[in-house]
Structure formats: C-alpha cells, structure tokens
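Take a look at the structure set out below.
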Amino acid sequence: MRLNVCLAALAATFVAATPAMAASTATATANAKGVVLQSLTLNWVKDLDFGTVASDPSTGGTVVVNSDTGARSTTGAVVALPGAFNRAQFDGFASPNVNVQLTLTQPAGGVICNGTGCVNTIGAALSLDQGGLTTRSTGGTGAFTVNVGGTFTLAAAQPAGLYTSQFDLTAVYP
C-alpha cells in the first residue's frame, strides 16, 4: 500500500509540473494591398531622318541629328543639302507621377542599309534626348515625350541611295 501512495504522489507531481493549456485563442489582423498602374502606352510620332547629304569620293564624314535640339550638323567632307530632317519622336502616357524606364535598341548590326539584303551599309549610333537619360518621370498628367537622334557615318565614296533601318524604343514601369 505504501508503494501505491508513493506512485500516486509521484503521479500528482507530474500533473502539477505540466503547464496548463491556454483556454483562449489569439487573432491578428493585417491588410492586403496592391498598386494598379494605368496601362502604359508609347506611340511613334516621327521617324529619325538624317536628311539628304552628299558624300565625297575620297573623304568620309558624319551627319549628326541632335536628340535634344533636333539640329543637324556634319563633319568631314559630308555636305548637308537643303530639305527635311528631324529627330525621332515618341509620345507616351502612364500613371501620373511615376517613373518609366526606357530602352533604346540600336538598328541591327549598328548599321542602316540600302538595297535588298542590306547591300550597302552606313554605321549608325542612336541616342536618347536628355543626355541619354533612360528614366523619365511622367509628371502630374502622366504624359511624357522621348526624342531620338543619332550619328550617321559615311565612308569615302559611299554608294548613293536611300538607307533605312528600324529601331525600337521600349518603355516599362520599373
């Protein structure tokens, strides 16, 4: 009997040492949120046009259309002839007061081509306005404009013809 009392006392000690389970529950609240931006648009307005120029049979040069001002200049023996020229223009629209990230993709191979299959080429390097700034703020209206200029490099005795190539400007929310 003494053994039973000792076992009962020992069992009571374990019951007293076990912590009591909480009889209540706890609840916490959090918010779910997300930001919805207006659809981003980017529209072509004008092509980049270096205009009509004359090359020299023995000396090359460049034609530059300034992306910031739209002014055209030449170097070397290249002569700028009268007529139309302009920087490319793209107009975009996004949510107001946000930044938009721009990516300018150069023409394939860094050249502008003439003839089927790109028979003759002229080196071209394009540039964004605002010193090449690739992030634009949309301001209070959500509207933004991007201009693209570039340098057109003629070799000596550059073959005559119309030289063209496509390039892309991409705008995304960062």
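The values are calculated or read from the model by the stated rules, or taken from the named source; none is laboratory data. Just so it is clear, the structure is predicted and the values come from calculations on it, not from any experiment. Glycine also receives a Cβ, built like all others from the backbone with ideal geometry; neighbour counts cover every protein chain displayed. For the accessible areas, the whole protein counts, side chains as well, though only heavy atoms, and no ligand, DNA or RNA atoms are used. Shrake-Rupley method; radii C 1.70, N 1.55, O 1.52, S 1.80 Å.
Remarks
- Which listed residue is closer than 21 Å to Leu48 by Cβ and not basic (Lys, Arg), from Tyr173, Tyr163: Tyr163
- In this structure, Pro107 does satisfy being open to solvent by less than 30 Å² (accessible area, probe 1.4 Å) and either without any contact (Cβ under 8 Å) to a residue 40 or more places away in the chain or farther than 30 Å from Gln38 by Cβ (or both).
- Residue ID - farthest from Phe167 (Cα to Cα), chosen from residues in segment 110-131 that are open to solvent by less than 50 Å² (accessible area, probe 1.4 Å) and free of Cβ contacts under 8 Å to residues at least 40 places away in the same chain: Cys118
- Residue check for Ala77: part of a loop (DSSP other than H, G, I, E, B) and either open to solvent by less than 60 Å² (accessible area, probe 1.4 Å) or without any contact (Cβ under 8 Å) to a residue 12 or more places away in the chain (or both): yes
- For segment 159-172, a residue qualifies if it is under 18 Å from the mean Cα position of the chain (by Cα) and open to solvent by less than 60 Å² (accessible area, probe 1.4 Å), and the qualifying residues are Phe167, Leu169, Ala171.
- Qualifying position, being touching a Gly at 6+ places or on another chain (Cβ under 6 Å) and over 18 Å from Lys46 (Cα atoms), among Ala108, Ala155, Ala80: Ala155
- Considering segment 14-69, and only residues there that are at pLDDT 95 or above and among the aromatic types (Phe, Trp, Tyr), the residue that is surrounded by the most Cβ atoms within 10 Å (Cβ to Cβ) turns out to be Phe50.
- Scanning segment 119-132 for residues that are within 18 Å of Pro107 (Cα to Cα) and either of a type in the set (S, T, N, Q) or in a loop (DSSP other than H, G, I, E, B) (or both) yields a total of 4.
- When residues of segment 133-158 are limited to those that are farther than 13 Å from Gly123 by Cα and in a loop (DSSP other than H, G, I, E, B), the one most open to solvent (accessible area, probe 1.4 Å): Thr141
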